[in-house]
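Note sheet for the following structure.
No value in this document is a laboratory result; all are computed from the given coordinates. This one's a predicted model, so the numbers in the text were calculated from it and none came from an experiment. All Cβ positions, glycine included, derive from the backbone under ideal geometry; neighbour counts span all protein chains shown.
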Amino acid sequence: MNGDGGGRAVPPAVDPEVRAAGVGAGPREPLTPENLSARQARDAAARPRPGVAELRDGGRFEVAELSVPGLGGGPEMRLVSARPAGAGGPLPLLYYLHGGGMVMGNAWSVLPRLLRELAEPLGLAVVSAEYRLAPAAPYPAAMEDCYAGLLAVAGRAAELGADAGRIVVGGKSAGGGLAAALALLSRDRGGPVPAGQLLLSPMLDDRDRTFSTHQLAGHDTWDRTSNATAWQAVLGERYGAADLPPYAAPARATDLTGLPPAYLEVGSAETFRDEAVAYADAIWRAGGAAELHVWPGACHGFDTYAPRAAVSRDARDARLRWLRRVLRS
């Protein structure tokens, strides 16, 4: 890791507009095994959890909560379905998996932004999945929940006013990793075939070996310490196992053939940079389709922390363009 001739990897500069939002100078409080429980409790108390009435936003959106049976005797899971009010005909659908390191987050908090930035401009239905969190529910709980939800969404597409042939799986951070794993799992189980996979700063690799994980240690908003803590919570005794399946960590996949087209984005100044780039490259090497964006000066969560920054606006525009293309084909 000799980034500056003195044995230390120098992190990339953070975009000035992103830095002006108060981020980019390191994790505000790295996640550790010692503070994980307290952080989870604090997140659950503080993270917005808008109800159906709030999500409807004065009648702009149609919103419903659904319960679907779990797989293999697992508990029921909850989905939140939303679509622009009055939109006619079967709509394309984004099946979305929230972020939070697979240890935090909820299906409701992400919806207002998804509806405003994607559903409304694209005429898109959205279903957000409330999967179980680690360490209370370690792997494969979240993955099986996400697959149960996808089966339900595809099977009930007509009821949801959606087109079963135009379902995109997507998510950010942990949700991006779960979406990539879901595409692999559905392929291998002969399940629904998504029209695409939208992988935003995806959490793909449990091994923390890439250059960027070392380069951004102590600098990114989600750094190597936080990442290792989350993966340990998710994998438990299987953390670091040589035979970990790709459905747990998609970077472990050795066969990326037959996957739906992928959109991958990541920041140049974030921990997940190199694993996202490597995953796109592996898809290309397998003959697949992938669109990769590495946003200069962007840290993890840049568009949440600095939504008005030019780089955030560019990222949103690129996602919209890709979704339009993949849902039109």
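Observations on the model:
- Residue-count net charge about G288 - beta-carbon cut-off 12 Å; Lys, Arg +1, Asp, Glu -1: -1
- Taking the C-alpha atoms only, the angle from helix 36-46 to the longest principal axis of the chain is near 50 degrees.
- From least to most packed, judged by other beta carbons within 10 angstrom and beginning with the fewest, V168, V294 follow the order V294, V168.
- Beta bridges per DSSP with both ends in the chain, % antiparallel, nearest 5: 35
- About the Cα centre, charge dipole magnitude for segment 1-140 (Lys/Arg +1, Asp/Glu -1 at Cβ), debye: 120
- Ordered by the count of other Cβ atoms within 10 Å of each Cβ, fewest first, S109, S173 give S109, S173.
- Proximal charge balance of D220 [Cβ under 14 Å; K/R count +1, D/E count -1]: -3
- Applying the criteria of a DSSP loop state and at most 15 other Cβ atoms within 10 Å to the GluC sites (Glu not before Pro) of segment 121-205 yields E159.
- Anisotropy class of segment 36-328 from Cα gyration tensor, a/c 1.5 cut: rounded
- The P(r) of segment 86-190 has a tail past 19 Å containing 41 percent of all C-alpha pairs.
- Zone residues, segment 70-113, relative to A241, backbone N less than 20 Å from point 7 Å out along Cα-to-Cβ: 71-74, 102-103
- For segment 86-145: rounded, prolate or oblate by the Cα gyration tensor [a/c cutoff 1.5]: prolate
- For the chain, calculated [θ]222 nm from helices alone, where every DSSP H run of n ≥ 4 adds -39500 (n - 2.57): -9500 deg cm²/dmol
- In degrees, nearest ten, helix 310-328 long axis to first principal axis of the chain (Cα): 40
- Check: the chain dipole with +1 on Lys, Arg Cβ and -1 on Asp, Glu Cβ, in debye: 560
- Mean-square fluctuations from a GNM of the chain, with a 10 angstrom spring cutoff on Cα atoms, peak among D223, D317, D208 at D317.
- The angle between the Cα long axis of helix 273-285 and the main principal axis of the chain comes to about 60°, on a 0 to 90 degree scale.
- Relative contact order (%) - criterion: Cα under 8 Å, at least six apart; region: the chain: 19
- Ordering H300, H98 from the fewest to the most neighbouring beta carbons within 10 Å gives H98, H300.
- Projecting the Cα atoms of A289, A318, L235 onto the dipole axis of segment 217-329, where Lys and Arg carry +1 and Asp and Glu carry -1 at the beta carbon, places A318 farthest toward the positive end.
- Averaging the Cα positions of each part gives two centres, and for segment 258-306 and segment 223-242 these lie 21 Å apart.
- Calculated SAXS-style log₁₀ I(q)/I(0) at q = 0.09, 0.13, 0.14 Å⁻¹ - segment 140-278, Debye, Cα scatterers: -0.27, -0.56, -0.64
- Centroid-to-centroid separation of segment 27-48 and segment 194-219 [C-alpha atoms, Å]: 20
- Qualifying trypsin sites (Lys or Arg not before Pro) in segment 291-329, where qualification requires a DSSP coil assignment and no more than 10 other C-beta atoms within 10 Å, comprise R308.
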